[in-house]
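Below is one structure, written out as structure tokens, with a few remarks after it.
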Amino acid sequence: MIEQPRFAHASEAELARILDYYGVRWEYEPRTFPIMWGLDGKVVESFSPDFYLPDLDVFIELTTLKQSLVRRKNRKLRRLRELYPDIRVKLFYGKDFRALMLKYGRFDLAASLSGLEGQLSVDRANARPKLAVVVAASPVLAEPAQAASTGEIAPGTSQPASIAAGSRRRVSRGSRRRRGRRAYAARLSA
Amino acid sequence: MAERAARLPDLRADIGEILIGEEEIQAKVRELGAQISADYADSSVTLVSVLKGSLPFMADLMRAISIPVQIDLMEVSSYGGATTETSGLVRILKDLSSSIAGKDVLIVEDIIDTGLTLNYLLRYLRGKNPSSLRICALLDKPARRLVEIPIDYTGFSIPDEFVVGYGLDFGEYYRNLPFIGVLRRQLYETA
């Protein structure tokens, strides 16, 4: 069994599964592009697109942040395209990904895959990512009981247990990936 | 029974906006049919429809083509469907009924968004050695594209909205609407 990389966000793990499903080869964060240098010539800012699809020669950057918070990422992407015009990068926004989940009938994931709510928990027995899930967008479309059976919902709330317990809900623009990795590492060591 | 009825969608009321009307669709289908007839003049073409969404488009398009056509149907499993957890890989749920080796094949799709399904189908069908393999899509949603696919015949390029009708579904409903409409956002998003 091929071990999965440590994804920073549940949406990345889900996209990897989708690509696997359709037989599209992918690499996770295989390359880092410097996009800004200090006066001393040292790299002060870089950009590592989430996925590279070697057969299609395209990078994919997936962001599940709220639309209002993607400005910084858009700026980095513009800079990347200026500096590396031959590189093909596709930015997949949170709304795009949620729409994709809706298309595939994953109503629970569509509701949950956003910011911290999408942070990974790990099924350590088989090293496959397991998603924390909130209840479906509409009770007409999926039964809450069904969502509860597949996710980690705190009693009496539609939030995952970690969020309902009072953990931070706002996601700063710059630290989502770092915070995600810290949360992921903390869960591994728990 | 009453509870079940309450869960059924209200086909018209659930549509926030009609994106492409019935007459506009039919006019475009006739236009595509004429173009395909001209491009494949003096030969025939095998239309391969991908179930289930492209069924109305296929039915209308084949009648708008004036040259001899053969048709075939395919169905592939979709990610998130019942088969996802068991195999983890896309599966051909219904394969072609006859060989397409040496034939001019036109894939008839309702909508192309990510391009993942079509990318898989193209690889699969190329392995069956058709003489040519082209794509006809009624709707193209380029904003959602993950895999670039060359589309030979495109009906409409549409914005990044959740559309239903004319074969397109949401939860298997709305396929029988004669137009293409934008589904009300509150039906699939949390408040």
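Each value in this text was obtained by applying a stated rule to the coordinates, not by laboratory testing. From a predicted model like this one, the values you see are computed outputs, not experimental measurements. When we count neighbours, we look across all protein chains shown, and the Cβ atoms used for this are built from the backbone with ideal geometry, even at glycine.
Could you work out the relative contact order of the stretch B:142-191, using alpha carbon pairs under 8 angstrom and six or more residues apart, expressed as a whole percent?
Worked out over the stretch B:142-191, it gives 26 percent.
Quick check on chain B: helices-only [θ] at 222 nm, where DSSP H runs of length 4 and up contribute -39,500 (n - 2.57) each and the sum goes over total residues. Nearest 500, please.
Value at 222 nm, helices only: -7500 deg cm²/dmol.
Once each part is reduced to its C-alpha centroid, what is the distance from the stretch B:16-95 to the stretch A:6-22 in angstrom?
First find each Cα centre; the distance between them is then 29 Å.
Given H placed 1.01 Å from N in the peptide plane, which residues other than close sequence neighbours of A:Asp50 have an amide H under 5 Å from its amide H?
A:Ile60, A:Glu61, A:Leu62
So, counting K/R as plus one and D/E as minus one, what does the shell of residues with Cβ under 9 Å around B:Ala143 add up to?
My count for the surroundings of B:Ala143 gives 0.
Treat the count of other C-beta atoms within 10 Å as a stand-in for reagent exposure and order A:Ser48, B:Ser77, B:Ser98, B:Ser54 from fewest to most.
Ordered from fewest to most neighbouring Cβ atoms within 10 Å, A:Ser48, B:Ser77, B:Ser98, B:Ser54 come out as B:Ser98, A:Ser48, B:Ser77, B:Ser54.
Would you mind checking which residues have amide H under 5 Å from B:Gln70's amide H? H placed 1.01 Å from N; only 5 or more apart, or other chain.
Sorted by chain and number, the residues that satisfy this are B:Val45, B:Thr46, B:Leu47.
For a quick check: sort A:Tyr104, B:Tyr188 by the number of other beta carbons within 10 angstrom, fewest at the front.
Sorted ascending by nearby Cβ count, the order is A:Tyr104, B:Tyr188.
Take B:Tyr79, B:Tyr173, B:Tyr153 and order them by how many other Cβ atoms sit within 10 Å, fewest up front.
B:Tyr173, B:Tyr153, B:Tyr79
To check you understand DSSP bridge types, tell me what percent of the beta bridges within chain B (both residues inside) are antiparallel, rounded to 5.
Restricted to chain B, the bridges split so that about 30 percent are antiparallel.
Going by amide H atoms built from the backbone, whose H comes under 5 Å of the H on B:Leu133, apart from near neighbours?
HN-HN under 5 Å from B:Leu133: B:Val105.
For Cα pairs less than 8 Å apart in space and 6+ apart in sequence, what is the mean separation divided by the residue count of chain B, i.e. the relative contact order in percent?
24
Using the Cα centre of chain B as the reference point, and only Cβ charges (+1 on K/R, -1 on D/E), how large is the resulting charge dipole? Debye, rounded to the nearest 20.
The dipole magnitude comes to about 460 debye.
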